[in-house]
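Here the structure is laid out as structure tokens; the discussion comes afterwards.
The values are calculated or read from the model by the stated rules, or taken from the named source; none is laboratory data. As the structure is a prediction and not an experimental result, all values here were calculated from the model. In this analysis, Cβ positions are derived from the backbone assuming ideal geometry, glycine residues included, and neighbour counts consider all displayed protein chains.
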Amino acid sequence: MLHITNGQSVGIQHTGLPGEVVCWEDVLHEGPVPAGLTLEQMSEVRARFIAGCGWGAFEDVWAGFKRRDASLARLRDHEEVVLWFEHDLYDQLQIIQILDWLLTHDRANVTLSLICISQFPGIGRFTGLGQLTAEQLFSLFGQRQPITLDHLKPAATAWAAFCSPDPADIEWVIGRPPAGLPFLKGALTRHLEQFPSVANGLSRSERQILEVLATGLCRFEEIFLASQDLEERVFMGDATFRQYLDRMAECPAPLIEIGTDALRVTPLGRKVWAGAEDAVRLNGIDRWLGGVHLEGREAEWRWDEREKRLRRAHRD
């Protein structure tokens with residue numbers, strides 16, 4: 001049996017269930033995820049991005065991805081492959097990447113199963129499988145559902161849309177959410193909210209950071225937790241969150257200041273938050289969101305929060 005899950009915090013190995021455990025461990029909502037790549041090619045691109053973030057040496061990250069990918073490629077060595085995931089953006093992107101691969105590879109005589117939850121009895125605010133004890137995880141095993149073409153085909157369409165240079169493809173998927181992947185619509189919508197806003201050039205995460213700082217909170221831990229409280233589905237880890245802070249501080253027109261023991265909003269940051277200035281026009285942008293590369297002083301695509309849709313910048 002092969003178990004695939006999102007990271008080391010999910011203690012499947014302590015449940016007593018037999019089999020190999022593989023952690024996918026890629027923060028796909030950050031950095032380049034360009035279209036037209038094999039899994040091997042994508043893993044190299046992702047390893048270079050992760051190393052560039054300072055989250056590990058390239059050789060180590062890529063070696064880890066190659067071991068992960070090799071385990072998936074040996075799926076026919078197992079009678080069953082079980083995916084253990086949850087409802088947030090981080091996990092949903094990993095699910096559709098894996099299911100996309102499975103659709104086009106030989107899976108004859110292998111049972112594919114999915115465990116994907118958004119809540120657990122007795123836990124007030126469920127944020128992930130890492131909250132669960134070994135006993136609680138074991139209880140989910142009997143609730144796993146078979147993965148069929150009704151999962152694989154829509155997942156492949158969603159993965160292609162996520163990797164596409166045209167994010168309107170994601171809006172198409174959101175308008176036709178697959179029944180077998182009930183959390184995908186919410187996750188992809190949250191991804192689109194990371195595009196710069198038409199109002200001020202801020203992503204939703206950046207706007208929330210300024211909102212939290214405006215309340216008077218000033219230390220990293222409390223800002224991180226307060227920002228998570230503003231999420232319907234927590235998906236961002238502290239290392240990624242810290243990069244957002246650094247990007248907002250280390251730019252030509254800083255929106256925040258990071259001191260030795262406190263953070264604060266700059267006067268210009270307050271103007272951007274209020275919509276009197278635009279973060280992209282002030283600082284430019286060079287950022288990948290899935291297969292979309294935003295760059296320059298005017299983002300080609302922006303998110304309209306009022307209408308819950310993307311808008312494309314007019315071209316002369």
Seminar exercise, completed: The number of residues in region 108-144 that are crowded, with 16+ Cβ neighbours inside 10 Å and of a type in the set (D, E, K, R) is 1
Seminar exercise, completed: Among Gly186, Gly180, the single one that is assigned to a helix (DSSP H, G or I), of a type outside the set (A, V, I, L, M, F, W, C), in contact with an Asp or Glu (Cβ under 9 Å, 6 or more places away or on another chain) and touching a residue at least 12 places away in the same chain (Cβ under 8 Å) is Gly186
For this session: Among the residues of region 50-65, write down those that are part of a helix (DSSP H, G or I) and among the aromatic types (Phe, Trp, Tyr).
Result: Phe58, Trp62, Phe65
Exercise. Name the pairs whose Cβ atoms lie under 9 Å apart, with the first residue in region 294-316 and surrounded by fewer than 17 Cβ atoms within 10 Å (Cβ to Cβ), the second hydroxyl-bearing (Ser, Thr, Tyr) and modelled with pLDDT of 95 or more, and 6 or more positions between them or separate chains?
Worked result: Asp304/Ser197; Glu305/Ser197; Lys308/Thr189
For this session: Taking the residues in region 264-284 that are surrounded by fewer than 20 Cβ atoms within 10 Å (Cβ to Cβ) and among the aliphatic types (A, V, I, L, M) as candidates, determine which candidate is farthest from Val27 (Cα to Cα).
Result: Ala276
Exercise. On the given criteria, is Val45 touching a strand residue (DSSP E or B) at 6+ places or on another chain (Cβ under 8 Å), without any contact (Cβ under 8 Å) to a residue 40 or more places away in the chain, assigned to a helix (DSSP H, G or I) and not basic (Lys, Arg)?
Worked result: yes
Exercise. Inside region 162-194, can you point out the residues that are acidic (Asp, Glu) and touching a Gly at 6+ places or on another chain (Cβ under 9 Å)?
Worked result: Asp166, Asp169
For this session: Inspect all residues belonging to region 84-91 and state whether any of them is of a type outside the set (Lys, Arg), assigned by TED's automatic domain parsing to the domain that holds Val173, surrounded by fewer than 17 Cβ atoms within 10 Å (Cβ to Cβ) and more than 27 Å from Arg247 (Cα to Cα).
Result: no
Exercise. Can you spot a residue in region 109-128 that is part of a helix (DSSP H, G or I) and farther than 30 Å from Leu192 by Cβ?
Worked result: no
Seminar exercise, completed: If we keep only residues of region 277-293 that are over 23 Å from the mean Cα position of the chain (by Cα) and in contact (Cβ under 8 Å) with a residue 40 or more places away in the chain, then the residue farthest from Trp159 (Cα to Cα) is Glu277
Exercise. Which of the residues that make up region 157-177 are outside any helix (DSSP H, G or I) and surrounded by fewer than 18 Cβ atoms within 10 Å (Cβ to Cβ)?
Worked result: Pro165, Asp166, Gly175, Arg176, Pro177
